[in-house]
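Asker: Below is a structure I'd like to ask you about.
Computed from the coordinates by the stated procedures, all read-outs in this text should not be read as laboratory data. What you are looking at is a predicted structure, and each value in this text was computed from that prediction instead of being measured. Neighbour counts are summed over all protein chains in view; Cβ atoms, including those assigned to glycine, are modelled from backbone coordinates with ideal geometry.
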């Protein structure tokens, strides 16, 4: 029996109207949708009248730092090897960026399973498209560490001579900007919050200006946050 196909499907980062026709078509035709949280994905699937069965695939897919895949990853690969076609989606955006998608793709490739991208929304490209700065080259650093290594992360980030993009969580944003002000007060910031959603906001300025803005508007520090420093 031939292997099935693994489709990596981008979904909206907020506005459900941003899903592509190809994404809907793919999610309807596959045998199983693999997602981060079935409760979150169900809202999108119901909205698009997609009734394909769904299975969760959480971020923590390795235990104790072991390189051995946990059973759920093995289960997904076995489903693909049995000839079933699967689609991987995340809670929002394009899989494979700060989620377990890269490990699933790696395992699929190692098992000679075809992997096909179904491109679409990404918070990174969304903010980059409205940045208005030269992004012919940039660095993406994912999420800063919560505690250990956090200062090292930002020292590394501000040392680059090209723009740096990264994600940040709302409850660490102020400390993030305070540290940037100490390490690189001359840097500029473009911050995208809740992109494509009802309370979408893009804030621009030097580090001090953006810090001052959010210190005065702490009620706005919520939702998904993408940052460019340059």
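Asker: Which of 204, 193 comes first, and how do the rest follow, when ranked by fewest Cβ neighbours within 10 Å?
Answerer: On the way: 204 16, 193 23.
Lowest to highest Cβ neighbour count: 204, 193.
Asker: Calculate, in nm to one decimal, what residue 55 and residue 150 gain on full extension: separation in residues at 0.36 nm each, minus their alpha carbon distance.
Answerer: Values: separation 95, 0.36 × 95 = 34.20 nm, distance 3.37 nm.
Additional length available on full extension: 30.8 nm.
Asker: If all Cα-Cα distances of the range 114-217 are sorted into 5 Å bins from 0 onward, what percent lands in each bin, rounded to whole numbers?
Answerer: Result, from short to long distances: 2, 10, 21, 24, 21, 11, 5, 3, 1, 0, 0 percent.
Asker: Another one. Given a Förster radius of 25 Å and the C-beta distance between residue 106 and residue 162 as r, what FRET efficiency does 1/(1 + (r/R0)^6) yield to the nearest 0.05? Don't skip to the answer; put the middle values down first.
Answerer: On the way: r = 28 Å, r/R0 = 1.11.
The formula returns an efficiency of 0.35 here.
Asker: Considering only 91, 219, 134, give the residue with the highest GNM mean-square fluctuation for the chain, with springs between Cα atoms whenever their separation is below 10 Å.
Answerer: 219
Asker: Mind checking the angle between helix 173-183 and the chain's longest principal axis? C-alpha axes, 0 to 90 degrees, to the nearest 10.
Answerer: Between the helix axis and the principal axis of the chain, the angle is about 50 degrees.
Asker: For residue 82 and residue 25, compute 0.36 nm times the residue count separating them, minus their Cα-Cα distance, and round to one decimal in nm. Could the numbers behind the result be given before it?
Answerer: Numbers: separation 57, 0.36 × 57 = 20.52 nm, distance 2.20 nm.
Gain on extension, residue 82 to residue 25, equals 18.3 nm.
Asker: Let me ask something else. Relative to the longest principal axis of the chain, what angle (0 to 90°, nearest 10) does the C-alpha long axis of helix 71-81 take?
Answerer: 50 degrees
Asker: For residue 134 and residue 202 in one chain, what is 0.36 nm times their gap in residues minus the Cα-Cα distance, to one decimal in nm? Write down the numbers at each step before the final one.
Answerer: Values: separation 68, 0.36 × 68 = 24.48 nm, distance 1.74 nm.
Residue separation times 0.36 nm, minus the Cα-Cα distance, leaves 22.7 nm.
Asker: In addition: Going by how many other beta carbons lie within 10 Å of each one, how would you line up 1, 165, fewest first?
Answerer: Numbers: 1 6, 165 24.
If I rank by nearby Cβ atoms, fewest first, I get 1, 165.
Asker: Please order 32, 183 by the number of other Cβ within 10 Å, starting at the fewest. Write out the running numbers ahead of the final one.
Answerer: Working: 32 18, 183 15.
Starting with the residue having the fewest Cβ neighbours, the order is 183, 32.
Asker: Is it possible to state the helix-based mean residue ellipticity at 222 nm for the chain, with each DSSP H run of 4+ residues giving -39500 (n - 2.57), the sum divided by total residues, to the nearest 500 deg cm²/dmol? What is it?
Answerer: Numbers: 8 runs with 78 residues, N = 230.
For the chain, the value works out to -10000 deg cm²/dmol.
Asker: Mean 1/r over all different Cα pairs, inverted: what Kirkwood radius does the range 1-134 give, in Å? Could you put the intermediate results ahead of the total?
Answerer: Values: mean 1/r = 0.0656 Å⁻¹.
Every distinct Cα pair counted, the radius reaches 15.3 Å.
Asker: Angle, helix 150-159 long axis vs. longest principal axis of the chain, Cα atoms, 0 to 90°, nearest 10?
Answerer: With both axes taken from Cα atoms, the answer is about 70 degrees.
Asker: With Rg and Dmax of the Cα atoms in Å as the read-out, I listed (i) 19.3, 62; (ii) 17.5, 53; (iii) 19.7, 71; which label goes with the value calculated from this structure?
Answerer: Entry (i).
Asker: Within the range 89-126, list the residues whose amide N lies under 18 Å from a label point set 7 Å along Cα→Cβ of residue 15.
Answerer: Only 92-94, 120-126 pass the distance filter.
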